[in-house]
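Take a look at the structure set out below.
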Amino acid sequence: MTAEKAILTLGDKKIELPVIRGTEGDVAVDVSRLYEEHRILTYDPSLGSTAVCQSKITFINGEEGILRYRGIPIEQFVTKTPNFIEVAYLLIKEKLPTMTELLEFRTLLENNELLHENLRYQFRNIPAGAPPMAQLSAMLSNLACFHRDLLVLDNDEEFLQVAARLISKIRTIAASSYRRSKGLPYIYPDPNLRYCANFLHMMFSIPYKQYEISPAVEDALNLILILHADHEQNCSTATVRTVGSARANLFASCAAGVSALWGPLHGGANVEVMEMLKGIHDGGLSPEDCIRMAKDKQNPFRLFGFGHRIYKNYDPRAKILRDASDKVFSQLKMKERDPLLDIARKLEELALKDPYFVERKLYPNVDFYSGILLRAMHIPTNMFTVMFAIGRLPGWIAQWKELHDTPNSKIMRPRQIYVGTPKTDYIPREKR
Ligand code: ACO
């Protein structure tokens, strides 16, 4: 059978290009040798039509609203008792763990949950009101100073060690930054608690009173982390891969991922959604105002939590969170339903029948409902993107590993089309 080819015609030149097909039918024209062999570049500024790797981790079909981790539909992880650690293992180790493997992985996380005391003291020098995402990125970078033996990884065992350090310590760092911002004492992790419960304990216990962990809150947190665990080549993951392509270590690569995630068009959107919903609730805006402003091209306002580069249908994660929110609210036995949930539902109802949103296929994304659930758990708004980062970390690690293990992988080095001044001469200062 002859290999499939695409033909590029440019002037009187006909260039044959190899075609790559993914297991789910994705088709790509391989232009990787186009410049080297023909001195022609392709132009795709935000990489909307460009696959930068072949990956076995996550599959998304944006038209149909499908998301799968290692082939397993996202919905199947949340129907039974959700378990973020199992999903993290699946992403990183490429298979679901057996009971023994899961216990071993838990123990590994347990053994790594403490921060080096000197790293912990570094929080003292950070201003109390510092943005938690800035603290998280700095502290993940700082981990490299304390684990120098793991900067170069020689085998899978060392890789698992560094992955476990990151996945375990990110919770401790996140909770510590929150405690510091509130002037509260640091709470040590409790090895008897599971991953999510332990995080809630470090966030909300006080030295003389253990925080009582509700199973509903623990499950909801597990659910949120699972839904954020990977999302193929999004902005932060592409950043982790780009930094990793220079053979930068995993700590530095993940710290860069945190910085990318912080942006309001990416992970930072969950904070913007909450501010928008609060703005409506407190009377500054109405849902109708928001829709009007979002459609006004003269107004920079966007309907945060709506739209996605890949999903041109309902984001499956948003659907799960929307459906979960009612259940969680009733399980949490909250005295009143959060009015922000009703506002969110109203905004969604208005947008989904508005031609502007319908024509552009703008549907709620994961950030639209996640904040309402986090708020119900008393996670403060400025920690929302940190929660996203905790969830996304296993995905970043798995993607970094995949790149690391790809034979002959090259440093990421995009090209440009220069459109500046043609060659000109330097003008001496006195003549300008
Ligand atoms: N509100 C109003 N209009 C929007 C929105 C929105 N939320 N999103 C997209 N549009 C409009 C754009 O103005 C553009 O209109 P035009 O064709 O008339 O110029 C059209 O829809 C296409 O939008 P783009 O920005 O070109 O789409 P892109 O794929 O580049 O952006 C993005 C995707 C960044 C997510 C965008 O939809 C957005 O800004 N949404 C709000 C922020 C947000 O919720 N981000 C979280 C994304 S999920 C995640 O990262 C976890």
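The values are calculated or read from the model by the stated rules, or taken from the named source; none is laboratory data. Note that the structure is predicted; figures quoted are calculated from it, not measured. Heads up, the Cβs are rebuilt from the backbone with ideal geometry, glycines too, and the neighbour counts pull from every protein chain shown. The area values use the complete protein model at the heavy-atom level, side chains included, leaving out ligands, DNA and RNA. Shrake-Rupley method; radii C 1.70, N 1.55, O 1.52, S 1.80 Å.
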> From the phi of every residue in region 386-401, what ³J(HN,Hα) in whole Hz does the Karplus formula 6.51 cos²θ - 1.76 cosθ + 1.60 yield, where θ is phi - 60° and glycine or proline is x?
Replying inline: 5, 5, 4, 5, 4, x, 6, 3, x, x, 4, 5, 5, 5, 4, 5
> Counting Lys +1, Arg +1, Asp -1, Glu -1, what net charge surrounds Ile20 among other residues with beta carbon under 15 Å of its beta carbon?
Replying inline: -1
>> Pick from Tyr178, Tyr195, Tyr43 the residue whose mean-square fluctuation is largest in a GNM of the chain, springs joining Cα atoms under 10 Å.
In response: Tyr43
> Of the residues Ile187, Ile320, Ile40, which exhibits the maximal mean-square fluctuation in a Gaussian network model of the chain defined by a 10 Å Cα contact cut-off?
Replying inline: Ile40
>> For Ile66, what residues show an amide H to amide H distance below 5 Å, using hydrogens built from the backbone and excluding near sequence neighbours?
In response: Asn61
> Among the lysines in region 199-344, how many pairs, 8 or more places apart or on different chains, have alpha carbons under 26 Å apart?
Replying inline: 15
>> For Phe306, what residues show an amide H to amide H distance below 5 Å, using hydrogens built from the backbone and excluding near sequence neighbours?
In response: Asn365
>> Can you list residues from other chains, or at least 5 along the same chain, whose modelled amide H is less than 5 Å from the amide H of Ala6?
In response: Leu17, Val19
>> Can you return the lysines within cross-link range of Lys13? Criterion is Cα-Cα under 28 Å, with same-chain partners fewer than 8 residues away left out.
In response: Lys5
> What is the extension gain from Lys312 to Arg413, computed as 0.36 nm multiplied by their sequence separation minus the C-alpha to C-alpha distance, in nm to one decimal?
Replying inline: 33.4 nm
>> How much of the pair distance distribution for region 237-369 lies past 24 Å, counting alpha-carbon pairs only, in percent?
In response: 39
> Using a Gaussian network for the chain with springs between C-alpha atoms less than 10 Å apart, which of these wobbles most: Arg179, Arg194, Arg148?
Replying inline: Arg148
>> Please list, short to long, the whole-number percent of alpha-carbon pairs of region 156-243 in consecutive 10 angstrom bins beginning at zero.
In response: 15, 38, 33, 13, 1
> Which whole-Hz couplings ³J(HN,Hα) result when phi for each residue of region 22-30 is put into the Karplus expression 6.51 cos²θ - 1.76 cosθ + 1.60, θ = phi - 60°, listed in order with x for Gly and Pro?
Replying inline: x, 5, 9, x, 4, 10, 9, 9, 7
> Ordered by residue, what ³J(HN,Hα) values in Hz, to whole numbers, does region 416-426 give under the Karplus form 6.51 cos²θ - 1.76 cosθ + 1.60, where θ = phi - 60° and Gly and Pro are x?
Replying inline: 9, 10, 6, 10, x, 4, x, 3, 9, 9, 5
>> Can you give me the accessible area per residue for the chain, using a 1.4 Å probe, in Å²?
In response: 52
> lysines within cross-link reach of Lys56: Cα-Cα under 20 Å, excluding same-chain residues under 8 positions apart?
Replying inline: Lys93, Lys95, Lys401, Lys410
>> How much length would be gained if the chain were fully extended between Arg247 and Ala28, taking 0.36 nm per residue of separation minus their Cα-Cα distance, in nm to one decimal?
In response: 76.2 nm
> Simple spin-label model, 7 Å along Cα-to-Cβ: Lys297 to Asp149 in nm?
Replying inline: 6.1
>> Rg over Rh of region 326-371, using C-alpha atoms and the Kirkwood radius, what does it come to?
In response: 1.09
>> Using Stokes-Einstein with the Kirkwood hydrodynamic radius over Cα pairs, what translational diffusion coefficient do you get for the chain at 37 °C and a viscosity of 0.692 mPa s, in µm²/s rounded to a whole number?
In response: 139
